[in-house]
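Here's the structure we're looking at; comments come further down.
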Amino acid sequence: MPLPVFIVGGGISGLATAFYLKERGIRSTLVEESARLGGLILTDKVAGCELEGGPDSFIAIKPAVAQLAGELGIAHKLIGSNDSARQIFIVRNGALVPMPQGMQMMVPTKWRAALESNLFSPETKHAFLRERFSKPRQRSGDFSIRELVVDHFGEESLEYLTEPLLSGVYGGNASALSARSVLPRFVEWEEQFGSLIRGAQKSTPARKPGGGSFFQSFAGGMGTLVEALSDAIADSCTFLQAKVDFVNRDGMNAWNVGANGQTFAASHVVLACAAHQSARLIAQADPTLSALLGAIQYSSSTLVTLLFEQDQFTHALNGFGFLVPQPERHAIAAATWINTKFPSRVAPGKVALRAFLVDPEATQYDSLGDTQLVELVCKDLKRFMGFAVEPSYSRVYRWPCSMPQYVVGHAKHCSQIASQLEQNPGLHLVSNYLDGVGIPDCVRIASVTASKINVLS
Ligand SMILES: Cc1cc2nc3c(=O)[nH]c(=O)nc-3n(C[C@H](O)[C@H](O)[C@H](O)COP(=O)(O)OP(=O)(O)OC[C@H]3O[C@@H](n4cnc5c(N)ncnc54)[C@H](O)[C@@H]3O)c2cc1C
């Protein structure tokens, strides 16, 4: 009898790993601390609305989730964002200013829109015009997003475009984040064309072949994917609700997984949880690998979902939502207008909003109770959107240390992790802290990892 494969963590990474193992005829045991599967993916259904407490969608250009949906038989449940209304606003001097058409992040590709926008000062507009003449540049080593953006477009572009756009994914500290790991396409443009504007104009925009929406999700919410995966692996995967305390080596080719006061023998262990959680589990088995994992920084986020009665709501919701640059920020960093981004998720007569706090505010306000936090969030929403009504429903989701930071030197750090991992046959790392932070990355990494696991029968 071969020793079983253990997966630690029942988020998308762990569930997808179990699914791809099943596809290869390999049974597994999945250990999840929480009574609920899905990890950061959590869809609540309230008053006929689908409210996402974590991710609400994934970018369509990365194919792994759509492929998985096909394999699960739920491709017909894929839905696209309502891109005909895809306008994002950015707070400038307290008001919502539309992000100009044609921006590829901080890079303008439509001159008129960028030069006429109220978002930028004349200095930044001059920087756009000058940037076209930048010479190709090869930088040695890694460098920060701040360096890249300020060199090309100046501080204002960093503060009012790049950082707010990054904040929903990383928390937005452009001085710390790696240009090579987070914005590799832009670094390639700098090397090839000099000018990022010319690079963006010469490259095809990051869209799905054949068009389609920029974001995809599922009818019924992201929870649909979790349910489909859980159902699909029910006959090949044993669920164990327990907190894993340690993962220790047992000789050269076996592992011991400690959970619930018991020790389980395993041939392979897949750590499908955050780097800091994995670091703790293997502290004894491999202190070097543990230290490398523990050094990966994370930031926290807090998400608040709110429902309002539409007949009392005065804002037009004429876009996907807005971003709040740091100099304009009180508490929230962004808000999504669900009625416009995913209209099918909101019941008639309701207005559904999501508001985000990221660090430093997520940590700063974490000691507030839910009621106070909702009050703070509503104050911001009212201030920026100009409505006066109170929500009929709200829920706070706190996600401490949930967003891995790909800081300067990330790629080098990852190769150190990869070579140290080679010293641990049978140990595998999946999740979003090595090679892509989104759900499609988690699914791709799970699929590749499962394909490398061989269990003698
Ligand atoms: C607020 C927010 C919004 C996001 N929005 C998007 C988005 O719109 N699109 C997108 O593509 N990505 C988004 N992301 C990123 C995406 O959610 C993650 O990349 C992905 O969900 C990570 O999944 P995972 O399975 O690797 O980790 P997780 O979902 O964190 O799952 C890890 C699981 O491991 C369990 N666990 C940890 N330690 C142990 C232990 N010792 N024993 C047992 N179980 C343990 C945890 O309980 C958890 O369930 C968002 C992230 C956040 C925080």
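The values are calculated or read from the model by the stated rules, or taken from the named source; none is laboratory data. Every value quoted in this text rests on a predicted model; they were computed, and no experiment measured them. Because the Cβ atoms are built from the backbone with ideal geometry, glycine has one as well, and the counts that use them run over all protein chains shown.
Would you point out the residue of segment 154-173, among those that are more than 20 Å from Phe89 (Cβ to Cβ) and surrounded by 22 or more Cβ atoms within 10 Å (Cβ to Cβ), that is modelled with the highest pLDDT?
In the first step, residues of segment 154-173 are kept if they are more than 20 Å from Phe89 (Cβ to Cβ); the result is 154-155, 170-171, 173.
Filter again for surrounded by 22 or more Cβ atoms within 10 Å (Cβ to Cβ), leaving 170-171.
Working: Tyr170: 87, Gly171: 81.
In this case the residue turns out to be Tyr170.
How many residues, within segment 375-387, are in contact (Cβ under 8 Å) with a residue 24 or more places away in the chain, more than 16 Å from the ligand (Cβ to nearest atom) and under 20 Å from Gln364 (Cβ atoms)? Show your work before the answer.
First, the residues of segment 375-387 that are in contact (Cβ under 8 Å) with a residue 24 or more places away in the chain: 376-381, 383-387.
With more than 16 Å from the ligand (Cβ to nearest atom) added as a condition, the list becomes 376, 378-381, 383-387.
So of that shortlist, the ones also under 20 Å from Gln364 (Cβ atoms) come out as 376, 378-381, 383-384.
Number of matching residues: 7.
The residues of segment 388-430 that are more than 12 Å from the ligand (Cβ to nearest atom) and closer than 15 Å to Ser278 by Cα, listed by number, are Cys414, Ile417, Ala418, Gln420, Leu421, Asn424, Gly426, Leu427, His428. Of all residues in segment 261-293, those satisfying the criterion of being within 14 Å of the ligand (Cβ to nearest atom), in a helix (DSSP H, G or I) and not hydroxyl-bearing (Ser, Thr, Tyr) are Ala275, His276, Gln277, Ala279, Arg280, Leu281, Leu293.
Do we have Val247 as within 11 Å of Gly426 (Cα to Cα) and crowded, with 19+ Cβ neighbours inside 10 Å here? Explain how you work it out, then say what you get.
Values: within 11 Å of Gly426 (Cα to Cα): no; crowded, with 19+ Cβ neighbours inside 10 Å: yes.
Judged against the criteria, Val247 is not a match.
Summed over segment 277-298, residues that are in contact with a helix residue (DSSP H, G or I) (Cβ under 6 Å, 6 or more places away or on another chain) and not hydrophobic (A, V, I, L, M, F, W, C) total 4.
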